[in-house]
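Structure first, then comments.
None of the figures in this text is laboratory data; all of them are computed from the coordinates on show. Given the structure is predicted, the values throughout are model-derived calculations rather than measurements. So basically every Cβ, Gly included, is an ideal-geometry build from the backbone, and we count neighbours across all protein chains shown.
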Amino acid sequence: MVSFRFGKWFGLLAIVFLCPSFPLLAQQKKYSLVSLIESAKNYTPLLKQKSALIDASKEKITDTKHSFLPQVRLSEQVSLGSDNSIAGSYFTMGITPSTSGGVRADDNLQAATSNVGVLSAEYELVNFGLNSAELNLSKSYSDVAEADLQREQYLLELNVARLYFNLQKSLYRLKADEQNIQRYQNIFNVIKALTQSGIKPGADSSLAKAELSKTKVSYNQTLGLINNQKQQLAYLTGIPAANLTFEVPDNDIINPKPLTLSVFPEVSNNPLIDYYSKRNNIYTANEQLIKKSYLPKILLEGSTWARGSSIQYNDKYKSLGDGFGYQRYNYMFGVAATYSLFNELHKKDKLAENRFAMQASNYELQQQKLALASASLQADNALQTASANLQEIPIQLQAATATYNQKLAQYKAGLISLIDLTNASFVLYRSQTDYIETLNDSYLAQLDKAAANGSLNQFIATVK
């Protein structure tokens, strides 16, 4: 890929112009592309949002690890109520209080107190890799959050760089407009002198004045564009637009320098690709989690509890206060296995859903790769065109400059009309702007090439 340092781009652009500096560039501090990008990365709320999401994803990993701890519950209950029951079994419906004992011939609605305290624990002794699958899924989400931050930062750098180069182009365009104003001002002054001496008709003076006004309109439009571009940079970087100044050197040497060729190799971990790859990893991790979730589980359970009641073992009711103390103690430990007979059906459904989501993610990754490959080829074509034009435009610029100087002398001598002179001035102005456009096209093509290859940071490092 063709590349050259930004300082040499300045050198190529500087060969076009010879004009004094103007107040727009008179501020003290000058901002480089690197400083603008650093300011944008520190300022942009979107990057701070992505960074906060990374912190949240890391906390999710910690939460997932803590979920593997045993479930230990401590309960205490004091109650007041009757104690009547009959033999037989039933399914609890969630709102039916439990009654212990109280099986007798007649109802007894006398109130009694009871107290129960329970300490229970449950731990998944064996879950056949479910814990690892859950942890891997949490890590996959964290990886995506980090890749998303890198992608947004990459796009921000690309946007700032593109805006920076376009602003540089506008600044040079402003210089060309200013130089064009000076030329037409000189033409107007010459015509005015010739008109006053009776050598040229008054119509030439009016036409020259109209052309001079037209060049000032173009200057004002370029200045307005610069202000808008600075405002866009201010939005991205947080630097006030009034403080954004850039150095544009003055030089009148028409001596094009050859471009320095440098190749930026393709980087394998392009953030614009890595994000979609990491998203694919989520579905891979989720597939493993689904498979593990529907396997049997072996649980280790233990419990100890104490009870008290104001009803004694012989069905004798004592005072209500007697039911608040613990009177009996028990403990129990056991190993349990649990498995739903419909797990295979549920697993099949979940895996099918995940499989289609993974296919969609793969297609999205392929689309992104195609887009970057196309952008890289388009950048190559743009570079070839710009390189070819850069061989011709300096010749055009030299010829246009010589023609303008010749036509000006001929007009002063009365050999040509004002139309011929203004045409020569227009050709010179067009040659200058063509040069600026071509140089900017070349640099933007290199920027696009570097972005598509994942070597954007290496490219930005060459911009001085």
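Some observations on this one:
- Stretch gain in nm, segment LEU320-TYR235, where the contour uses 0.36 nm per residue and the Cα spacing is subtracted: 23.2 nm
- Values of log10 I(q)/I(0), in the order q = 0.13, 0.21, 0.23, 0.26 Å⁻¹, for region 118-178 under a Debye, Cα-only, solvent-free model: -0.65, -0.89, -0.94, -1.00
- Potential extension, SER268-LEU46 segment - 0.36 nm per residue separation minus Cα distance: 77.4 nm
- Value of [θ]222 nm, deg cm²/dmol, for the chain, DSSP H segments ≥ 4, -39500 (n - 2.57) each, nearest 500: -22000 deg cm²/dmol
- Mean-position separation - Cα centroids, region 66-105 and region 304-355, in angstrom: 8
- Within region 313-398, chymotrypsin sites (Phe, Trp or Tyr not before Pro) in DSSP loop having at most 15 other beta-carbon neighbours inside 10 Å: TYR313, TYR326, TYR339, PHE342
- Amide H within-cut-off set for LEU125, under 5 Å, with H built and near neighbours excluded: ILE298, LEU299, LEU300
- Cα centroid separation, region 396-464 to region 208-239 (Å): 18
- Förster radius 25 Å - calculated FRET efficiency between LYS58 and GLN288 (Cβ-Cβ, nearest 0.05): 0.75
- Convex hull (Cα only) mean projected area of the chain, reported in nm² to one decimal: 36.9
- A Förster radius of 35 Å, combined with the Cβ-Cβ distance separating GLN312 from PHE91, puts the computed FRET efficiency at roughly 0.70.
- Between ALA112 and GLY81, SER82, the built amide H atoms are under 5 Å apart, and every one of these is 5 or more places off in sequence or on another chain.
- With R₀ fixed at 51 Å, the C-beta to C-beta distance from SER32 to PHE333 puts the FRET efficiency at about 0.10.
- Globularity index of region 36-178, i.e. its alpha-carbon radius of gyration over 2.2 N^0.38 Å: 2.25
- Dividing the Cα radius of gyration of region 273-371 by 2.2 N^0.38 Å, with N the residue count, gives 2.17.
- Ratio of Rg to Rh for region 383-464: 1.24 [Cα atoms; Kirkwood radius as inverse mean 1/r over pairs].
- For region 220-225, backbone phi angles converted through the Karplus equation (6.51, -1.76, 1.60; θ = phi - 60°) give residue-by-residue couplings of 5, 5, 5, 4, x, 5 Hz, Gly and Pro being listed as x.
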